[in-house]
Amino acid sequence: MHISHSSEDDNLKRLLSFSISAIKSSCGEFDIYGEKDTDQRAKELTFERTRYAYNDALEYFDDNFLSQITSLGLSLIPESDTDAAV
């Protein structure tokens, strides 16, 4: 977003927090500080969603990132014990 001042830090933190919650709600649990592939992909989606929110274009995010959201959601589906037994 090329912001070179700190006057918007609180707003950006708020937008990031909302984006983390939205991605977790859509895709599943992840660690924003994690090093796993799914964590990194979720972090990237979080940043992209925040960028859309910052630019008042959030209504376009889901359509523009549908394949990444779906892919991440499928990757974050927890494996159940019944699947392992089959």
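The values are calculated or read from the model by the stated rules, or taken from the named source; none is laboratory data. Since the structure is predicted, the reported quantities are computational estimates derived from the model, not experimental observations. Positions of Cβ are backbone-derived with ideal geometry, glycine not excepted, and every protein chain shown enters the neighbour counts.
Odds and ends about this structure:
- Each residue in region 1-31 was checked for being surrounded by 14 or more Cβ atoms within 10 Å (Cβ to Cβ) and at pLDDT 95 or above, and 12 of them qualify.
- The criterion of being surrounded by 15 or more Cβ atoms within 10 Å (Cβ to Cβ) and touching a helix residue (DSSP H, G or I) at 6+ places or on another chain (Cβ under 7 Å) holds for R41.
- Pick from region 26-66, criterion closer than 24 Å to P78 by Cα and small (G, A, S), ranking: nearest to the chain's Cα centre (by Cα): A42
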